[in-house]
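Below: one structure, written as structure tokens.
Where a number appears in this text, it was derived from the coordinates with a stated rule and is not lab data. Just so it is clear, the model here is predicted, and its values are computed rather than measured. Cβ: placed from backbone, ideal geometry, glycine included. Neighbour counts: every protein chain shown.
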Amino acid sequence: MATLIAPTLPKRNRPKRNRPNGALKPARGIRSPLGGPGINLLYVPALLLFAVFTIYPLLNGIALSFTNWNGYSLERAGVGFDNYVRLFQDDTFRLVLVNTFIYGIGSTIIQQILGLGLALALDRRMRGLNAARAIIYLPVLVSPVVMGTMYYLLFQYNNGAFNDIVTGLGGEKVAWLANADASIAIIVAVNSLQFVGISMIIYLAGLQSIPQMYYEASTVDGASPVQQFRYISLPLLQPAFATSIVLNLIGGLKLFDVIQVLTGGGPGYATNSVSTLIGVAYFDNQSAGYASGMGVVLFLIIVVFTLALNTLLNRRRLEQQ
Amino acid sequence: MKSRVLLLAAASVAAAALLVSASGCSAGSGSDSGSIEFQTFASVDSKLMSTIEEVTARFEEENPDIDLKLVASSNNYEADIKVRLASGNIPDIFGTHGWSLQRYSEFLEPLQDEPWAKNFNPVLDSAMKNDTGEFFAFPVDTDVAGIIYNGDVLDAAGVDPAEITTWEAFEKAADAVKANGITPISVSGKAGGPSGNIADWLAAGAYDESQLAELEAGTFVDEPYSEVLTKIADWREAEYFNPDYSSATSDDMTRALSDGQAAFEFSQNSRVNDALQYNPDANIGFMPVPSMTTDAPYLIGGEMNAYGISKTSKHLEDAKTFIAFLAEPENATALAEAAGNLPGMTNATADLGPLQESFDTYVGSGEYPLMPYFDRVYLPNGMWNTMVTTADSVITGQSDVDQAVGQMASDFKSLAAQDK
């Protein structure tokens with residue numbers, strides 16, 4: 001998960017942490033295990049887990065991307081940068097890369113607009129407020145596979161709810177998932193609607209951390225609600241924007257489950273994301289080395305996007321401060 | 001302080017590396033427990049699975065010292081097995097789903113010297129034996145497939161399946177079926193396989209001997225494959241495929257065939273058992289596949305349900321004893337009947353129910369050659385998915401024929417290079 005970079009003072013300008021007069025020095029026996037160097041031992045379990053489940057697979061994946069391993073055989077050979085050269089000559093990978101950006105950026109834009117709108121609508125005293133917030137957040141708790149299956153049942157040709165409505169209104173059944181563009185739009189919509197609750201919660205927290213006195217003072221000065229939103233809420237929501245955008249973007253770029261359940265990447269390769277294509281290349285095409293190369297490229301894309309966004313959004317926040 | 005933290009971090013990473021490598025060592029091949037793990041490649045509610053359970057129960061009664069743990073197939077059987085192989089945690093016995101020779105032989109115990117091997121059906125030699133006569137799995141059945149049809153639908157359209165010996169005749173029959181408001185060809189786009197079957201069935205009769213030799217030598221010959229995909233594109237234009245293709249599951253296509261909502265299906269005969277579960281009265285049969293290059297229709301065949309033993313199994317001898325039990329005529333017959341196909345052993349017989357007539361007509365007569373699955377023999381490992389995807393993209397109109405053939409050629413080249 002990305003973290004925001006907070007501005008820090010140069011070391012020489014930092015205030016010294018003086019113990020107040022009369023304050024007791026912690027007893028040695030207590031300080032040693034918890035306050036002294038011994039406290040570092042508490043990092044060990046987390047570092048171990050991080051090393052086993054993140055660092056090792058990452059390094060192993062990078063190493064695999066330089067081999068021709070088929071994913072199960074006892075034999076593999078080094079192929080240098082061949083997998084990366086193949087990636088950049090592969091039309092399917094280019095198509096899928098574009099899809100991945102559509103899923104990432106499209107979902108992020110929709111989630112910011114809807115999430116902020118919902119947060120503004122629910123940032124007030126009203127009856128049923130908690131229920132409304134819970135209902136909007138609830139889909140986040142549902143597995144994307146379950147969510148995808150529910151939407152599949154809505155969009156399927158025979159017995160699908162949407163086609164029942166269409167035929168009920170006298171129209172012809174539509175093969176919603178047979179068209180690549182329509183399928184991509186459906187996937188973006190399903191992903192956005194499922195996770196809009198996360199954006200809503202982040203913006204809601206951001207709105208509630210803005211001191212009320214700013215709004216009161218601006219009301220006295222005659223500011224309209226739109227002006228209050230433009231000149232108070234928006235600037236002070238910058239940290240919330242940064243968090244929400246980065247989280248949604250990473251989720252969208254890594255999108256897998258919904259695609260797998262709704263379209264299986266089809267028709268053809270047309271709705272695959274890089275994540276689903278990695279699965280296809282690894283297990284179906286038996287090109288684990290090539291799939292690992294795709295994984296490394298996806299990792300780099302996410303790192304670059306996250307760093308660029310963090311830098312951009314933090315710079316804007318500092319400028320406004 | 002900083003160096004201490006760095007030291008701790010380094011120690012943690014080293015410990016993690018040790019942990020991972022140690023876990024790699026402990027993941028020895030085969031089951032460490034007293035049970036023999038048997039990955040059956042049979043779905044949990046299938047007739048084959050229940051027959052395996054019955055036969056295994058009898059085996060365990062006769063051999064109380066041997067315990068078997070049966071595992072039904074998941075939807076991702078192939079990926080599951082590959083992960084198990086890659087991790088070194090190989091099941092003691094597993095279903096090889098058509099790939100005992102080309103894909104899994106490096107992991108399997110050769111079985112040609114077992115007492116029951118003398119009854120190995122020679123029809124399977126080309127599909128399951130290597131150049132030195134070794135084979136690596138006990139064959140439950142001999143996969144013989146053609147085009148499955150619903151006889152009542154064809155009757156209603158005035159079509160005699162025995163007269164469909166050319167693609168022109170097939171298309172004429174499809175037009176007659178369509179005129180009755182019935183879908184000519186039922187196929188699932190969601191299942192990720194049935195569209196590839198169509199290409200596989202057609203391709204088996206699209207290449208001549210010299211072109212097949214070129215494929216085997218590692219060069220993709222695109223003209224015949226272009227004809228295969230052009231045929232599929234023509235059928236799309238003629239609206240032969242079910243309109244719910246993209247969202248239809250394999251169950252949907254089988255149900256359509258059994259309920260008389262579709263006339264033809266390009267599938268293995270095991271589908272017929274599934275169809276009869278939906279409608280026990282369905283009049284289902286199969287017919288040979290017309291050729292694109294000659295006037296002689298053919299059948300598709302090879303290995304289907306077969307069980308190999310991991311050569312590193314800790315229960316190697318017990319596993320061989322179990323396989324020998326499965327190979328006994330009574331058990332081999334029961335398993336082949338449950339699979340809905342001809343037995344893989346010559347000393348077994350099988351009552352194939354509604355398919356018996358088709359088997360007698362087309363297989364028993366010996367007039368129709370048994371062609372191997374095109375992708376297994378003539379394409380590099382891993383091309384099956386490309387066959388499925390390119391056929392799918394042509395059926396949906398997502399790609400034109402040239403683009404789809406280009407994709408095939410490109411993946412063929414990459415995967416052939418990887419196989420070297």
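Observations on the model:
- 222 nm mean residue ellipticity, helices alone, for the protein assembly as shown (DSSP H n ≥ 4; -39,500 (n - 2.57); rounded to 500): -16000 deg cm²/dmol
- Shape class of the stretch A:79-320 from the alpha-carbon gyration tensor: oblate, with a/c at 1.5 or above and b/c at least as large as a/b.
- Shape analysis of the stretch B:36-190 yields a ratio of the Cα radius of gyration to the Kirkwood radius, Rg/Rh, of 1.09.
- Comparing A:Gly36, A:Gly128, A:Gly222 in a Gaussian network model of chain A (Cα springs below 10 Å), the most mobile by mean-square fluctuation is A:Gly36.
- Cα-centre dipole for chain B with unit charges at Cβ (Lys and Arg positive, Asp and Glu negative), debye to 20: 1880 debye
- 18 Å Cα-Cα threshold exceeded, pairs from B:Lys69/B:Lys320; B:Lys82/B:Lys413; A:Lys173/B:Lys172; B:Lys47/B:Lys314; B:Lys69/B:Lys314: B:Lys82/B:Lys413; A:Lys173/B:Lys172; B:Lys47/B:Lys314
- Among beta bridges that DSSP assigns inside the protein assembly as shown, antiparallel share in %, nearest 5: 65 percent
- Phi to ³J(HN,Hα) by Karplus 6.51 cos²θ - 1.76 cosθ + 1.60 over the stretch B:216-224, Hz, x for Gly, Pro: 5, 7, x, 10, 7, 9, 8, 5, x
- Taken about its Cα centre, the stretch B:363-420 carries a charge dipole of about 220 debye when Lys and Arg each add +1 at the Cβ and Asp and Glu each add -1 at the Cβ.
- Our coupling estimate for the stretch B:351-363, obtained by passing each phi through the Karplus curve with A = 6.51, B = -1.76, C = 1.60 and θ = phi - 60°, is 8, 9, x, x, 7, 4, 4, 5, 4, 4, 5, 9, 9 Hz, Gly and Pro reported as x.
- Charges were assigned to the Cβ only: +1 to each Lys and Arg, -1 to each Asp and Glu. The resulting dipole of the protein assembly as shown about its Cα centre is roughly 7840 debye.
- Choice from B:Ala217, B:Ala404, B:Ala324 showing the highest fluctuation, given a GNM over chain B with Cα pairs closer than 10 Å: B:Ala217
- Among B:Ile309, B:Ile185, B:Ile52: highest mean-square fluctuation, GNM of chain B, C-alpha pairs under 10 Å: B:Ile52
- In straight-distance terms, cross-link reach from A:Lys254 covers every one of the aspartates and glutamates whose alpha-carbon lies under 16 Å from its own, apart from those fewer than eight places away in the same chain; here that gives an empty set.
- Count Lys and Arg as plus one, Asp and Glu as minus one, and take only other residues whose Cβ is under 14 Å from that of A:Val280; the net charge is then -4.
- By the rule of a C-alpha distance below 18 Å, with chain neighbours fewer than 8 residues away ignored, the aspartates and glutamates paired with B:Lys118 are B:Glu109, B:Asp131, B:Glu134, B:Asp141, B:Glu303, B:Glu328, B:Glu330.
- Taking the fewest neighbouring Cβ atoms within 10 Å as the starting point, the ordered list for B:Trp235, B:Trp167, A:Trp176 is B:Trp167, B:Trp235, A:Trp176.
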